[in-house]
Each structure stands twice: as C-alpha cells, then as structure tokens.
Amino acid sequence: MIEPARAAFLLIDMQNGFIDAASPLCIAGAAATVPACAHALAAAREHGLAVFHVRRAYAADGSDVEAVRWETWAEGGRPLSAADPASLDCPPELSPAPGEPVIMKPSWSAFFGTDLAALLRARGIGTLVLAGTTTPNCVRSTAYDGLALGFNVAVLRDATSSRSPEAQEANLADMEAVGIQLLHTDDFAANGLLHVRDTEAEVARAVALERATQEETEGAADKTNAVAGNPVAPLPPTPALESVETVSTGWINKYHLHYTLPDGRPYTYEGVSRKGTARYEAALGALGSTGVPDPDAVCIVPLLPDGSVLLEREFRYPLNSWCVSLPAGLIDAGETLEEAVARELSEETGYRLRDDIVPAVRPLPQPGFSSTGLTEENVQVVFAQVEPGGQPRPDSAELIEPFTVARADLRAFLDANQLPIGTRCQLILELLAL
C-alpha cells in the first residue's frame, strides 16, 4: 500500500466563482459536490496526506483571462478577480487549515506555471488524489499533467463535477482509460490509499528488472567471449583432500579435514557442517571439482509494493540477543528455490509473493558462503516482491517480529540501530540505502 506521507490531496477550484449559481462561470454540478469535497478533505487530513488547495484568481483588467472565456467573464461582473472579492473565496467547510499551501494557477492545470511539481517532489510525494471542479477542464488537465510527470493519479468521482452528468461520466471514462484511477469518497474515507495502485513504482521495478536481466545476459556473453579469447590464468597448486574424519555429531557436526599441502606436508583443518558425513564429503568434492554448489539456504530481501523493505527482529540463541535480519532459512529436501522463499516468508512473516509481478523472485547469480573459514554452507540471496498474506507461523522456539522500513528511511535506520546485525543483511541494506 502507498504510504500516506508520500501522497497528496489536491482540492481544485472549489471557489464561489465556480460554485455560485449567479456566477457566469458557475459549473452546474459543483455546488452539489461541496459535501463530498468536505468529506474527502477531512479524510485526507485524517489519513495523513499532504493537502494542497488549488485556486484561480484573475487580474482585474482581464489580462490573464483565457481568451475562450474572456467575453463571458467581462460581461458577467468579472468573477474570480478583485472586482468580485467574494467569488474568490471558498465555502467555509473547504477552507485551508493552518499550514496547508494554496497554489494560485494561471490556467487550467494546477501544474502549469506553478511550483506545485517541485513542492511535491521536495516532500517525496508520488501519488495524487484529486477532487474539485471542473472535471473536463482543470481536474482533467491536472490529472493528465500529473501522469506525464510520473505521479500516480486518482480522482474522486463523486467529489468532482461537470456542466452535465453526461459530460462528467464521459470524462471520467476517458481518464480511467488512460490509467487514472477512480475512487468514491466513501472508499477513500474508509480505506485511505488501500485501493490505489502504485503503478509508477511497479513499472519502474519491472523496467529495472528487465534491464538487470538484459545486463546479466550481456555480461554473461561478454564473460564467455572474454574467457574464450583470453583464458583465465590457472589456479596455483591446490592442497589435496585426503580424508574427512567425523569428530562429533548433532545439529552441527564437527569434522577434521586431512589435507596434503602442495609441498607434501600433511595438514589438518577443523570444519563444521549441518550435513552428515556422506553429504559433507560429496559437497566438498563438488566444490573442489566444479566450484558450483547447490544452495543450502535462502536469504530473502522482501520489497513491498511501496518500496519498503521487510525486516525481522529475531532472537538468536548463539548471540544471546535480538538481532536485525532478513527472512532466511534452510531449503528443504525436494524444494525449489521459489517454494523455499514462499514457505519461509509465510512462516516467519505472514507475507506472500505477489502474483501480479513476474518474476516475483530474482536470485543473485550464484550462492554466497556464510563463513568460508568455518563451514561449506552457502546461501542464495533473492530479491522478492511481496505483500501481506496472513499471520506468521514460526516454530515454537523461533522468536521473530517482522517490521518494515521505508526505502527513504534506511539510512537513518542503519545509523540509529543498536542491535546486532548480520553482515549480509547490513551490506544489502547499505546498498539499498544508496
């Protein structure tokens, strides 16, 4: 869901000059929408959206009146200018609260000739909810400019107005057809931004994924060509693994690895593994011959629709402390990587993989090793697009508290964190913070 702090409510042209039936610029349906606009304004404040009041004021000499309405304006008492001060005001229930900006625009769109876009960007706002009048002109032009500038745009269909019901419905249909989202005020009041899609972020992630895939493909081709043309220098002489001796068994098994060094000297090294002797020997043999292991575990970097990162506070018994971590776990026998990701997410956090983004799971090119001086265990890091899916189901001895951090807040979070944090998690969050 889109964070309210990253959204703005724009109330457009709800001034007496457009509402009052005596005004030559009156919009026939505007007066009837005042209660809905007031309801939407109150809801925007309650949900924590930034509120902007967009208005029109003409010069008394008419020098900045649109040519297409100048004659009507001049012959009708010059509304929305100093010649008719009352027409510049709005109904009391639509008045700005302290600190809410009033944007004075010189034409139809709230973006044309104003600093609105800069003000929104400075606040990190990426989503707009529009209400006001008139739907075919100022609301529609603002909505289209908002789309062109890269904002998600939603329009409150019953808090906007036109000269006729037919014009209202036709314009709403046109806007919906180009991707402007339509909401009812009651839905907005009850649910805030729950039913507003973060289309811009979804597409940005899809494009980034496509580019990353293309770069990986091109990089692999370049690497193949480079290796074919310039063979990699051979490795220096390698110690020979002679035998694996089991020292102790349990959840963690301890082994003595007996090597012969390149100069002929014997050497024994202590290692640990969760694998039994046969599987451990097979894993070491595979690493020694091909260097390409099957992943033992998965570490998940879960990204929410609004770009936030899903993290965990988990009590780790070897540390005797809570620590900050990413969802992670062993891959069960017979599981695919995606099945392991989905299971661990569900068990530890209650979140699930999104089905509206393909692929929802993007692994790094190869697994990485947890501690090369201690164990052969390796972990496949994946980036996953996730959404809430229910209640977590951790094991009885697992103490896990999921929480989210907005992408923009990661730097401050890392600077303020006092809990232990895994190196892998720390590095990934540092990169995301950049």
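The residue pairs whose first member lies in segment 66-91 and is acidic (D, E), whose second member is in a loop (DSSP other than H, G, I, E, B) and loosely packed, with under 14 Cβ neighbours inside 10 Å, and whose beta carbons are closer than 7 Å, counting only pairs six or more residues apart or on different chains, do not exist in this structure.
Applying the criterion of at least 3 residues that are over 28 Å from P237 (Cβ atoms) and out of contact with any helix residue (DSSP H, G or I) (no Cβ under 7 Å at 6 or more places or on another chain) to the strands (runs of 3 or more DSSP E) found wholly in segment 251-327 leaves 309-316, 321-325. May I ask you to list the residues in segment 168-186 that are surrounded by fewer than 16 Cβ atoms within 10 Å (Cβ to Cβ) and either assigned to a helix (DSSP H, G or I) or among the aromatic types (F, W, Y) (or both)? Residues satisfying the conditions are E169, A170, A173, D174, E176, A177, D186.
Could you tell me whether any residue of segment 6-13 is open to solvent by less than 20 Å² (accessible area, probe 1.4 Å), at pLDDT 90 or above, assigned to a loop (DSSP other than H, G, I, E, B) and touching a Cys at 6+ places or on another chain (Cβ under 9 Å)? Yes; the residues of segment 6-13 include at least one that is open to solvent by less than 20 Å² (accessible area, probe 1.4 Å), at pLDDT 90 or above, assigned to a loop (DSSP other than H, G, I, E, B) and touching a Cys at 6+ places or on another chain (Cβ under 9 Å). Being modelled with pLDDT of 95 or more and either more than 27 Å from G192 (Cα to Cα) or not hydroxyl-bearing (S, T, Y) (or both) is a property that V51 has. The condition (being small (G, A, S), surrounded by fewer than 17 Cβ atoms within 10 Å (Cβ to Cβ) and in contact (Cβ under 8 Å) with a residue 24 or more places away in the chain) is satisfied by just one residue among A408, A416: A408.
Given the structure, is A38 open to solvent by less than 50 Å² (accessible area, probe 1.4 Å) and closer than 30 Å to N152 by Cα? When the stated conditions are applied, A38 passes them.
Rundown of residues vs (1) under 12 Å from R55 (Cα atoms); (2) surrounded by fewer than 24 Cβ atoms within 10 Å (Cβ to Cβ); (3) modelled with pLDDT of 95 or more; (4) more than 25 Å from the chain's Cα centre (by Cα), yes/no style:
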| residue | (1), (2), (3), (4) |
| --- | --- |
| G99 | no, yes, no, yes |
| K105 | yes, yes, no, yes |
| L120 | no, yes, no, no |
| R123 | no, yes, no, no |
| V129 | no, no, yes, no |
| P136 | no, yes, yes, yes |
| R140 | no, yes, yes, yes |
| R157 | no, yes, yes, yes |
| E166 | no, yes, yes, yes |
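Checking each residue in segment 75-97 for being open to solvent by less than 30 Å² (accessible area, probe 1.4 Å) and assigned to a helix (DSSP H, G or I) picks out S87, L94. Residues to consider are L235, L287, L257; find the one that is farther than 30 Å from I331 by Cα and either surrounded by 14 or more Cβ atoms within 10 Å (Cβ to Cβ) or modelled with pLDDT under 90 (or both). Matching residue, one of L235, L287, L257: L235. Quick check on segment 303-322. Is at least one of its residues among the basic types (K, R) and farther than 22 Å from V381 by Cα? Looking for residues that are among the basic types (K, R) and farther than 22 Å from V381 by Cα, one finds none in segment 303-322, hence no.
Looking at (1) of a type outside the set (F, W, Y); (2) in contact with a Lys or Arg (Cβ under 8 Å, 6 or more places away or on another chain); (3) free of Cβ contacts under 8 Å to residues at least 24 places away in the same chain, which is the one condition that is false for I103? Condition not satisfied by I103: (3).
In segment 238-254, which residue that is of a type in the set (A, V, I, L, M, F, W, C) and within 20 Å of S289 (Cα to Cα) is least open to solvent (accessible area, probe 1.4 Å)? Residue satisfying both the conditions and the ranking: V244. In the condition set (1) outside any loop (DSSP other than H, G, I, E, B); (2) open to solvent by 10 Å² or more (accessible area, probe 1.4 Å), G29 is compliant with all but (1). For segment 328-342, a residue qualifies if it is open to solvent by less than 50 Å² (accessible area, probe 1.4 Å) and not in a loop (DSSP other than H, G, I, E, B), and the qualifying residues are A328, G329, L337, A340, V341, A342. V382 fulfils the conditions (1) under 29 Å from I125 (Cα atoms); (2) open to solvent by 30 Å² or more (accessible area, probe 1.4 Å) except for a single criterion, (2).
Taking every residue in segment 254-266 that is on the phi < 0 side of the Ramachandran plot and pairing it with any residue that is open to solvent by less than 70 Å² (accessible area, probe 1.4 Å) and part of a loop (DSSP other than H, G, I, E, B), at least 6 positions away or on another chain, the pairs with Cβ-Cβ distances below 9 Å are Y259/P239; T260/P239; L261/P239; P262/P239.
Residues in segment 353-379 that are among the polar types (S, T, N, Q) and either open to solvent by 70 Å² or more (accessible area, probe 1.4 Å) or within 14 Å of the chain's Cα centre (by Cα) (or both): Q366, T372.
The values are calculated or read from the model by the stated rules, or taken from the named source; none is laboratory data. Note that the coordinates shown come from a computational prediction; the quantities given were computed from them, not determined experimentally. Please note: Cβ atoms are built from the backbone with ideal geometry, for glycine as well, and neighbour counts cover all protein chains shown. For accessibility, only protein heavy atoms count, side chains too; no ligands or nucleic acids. Shrake-Rupley method; radii C 1.70, N 1.55, O 1.52, S 1.80 Å.
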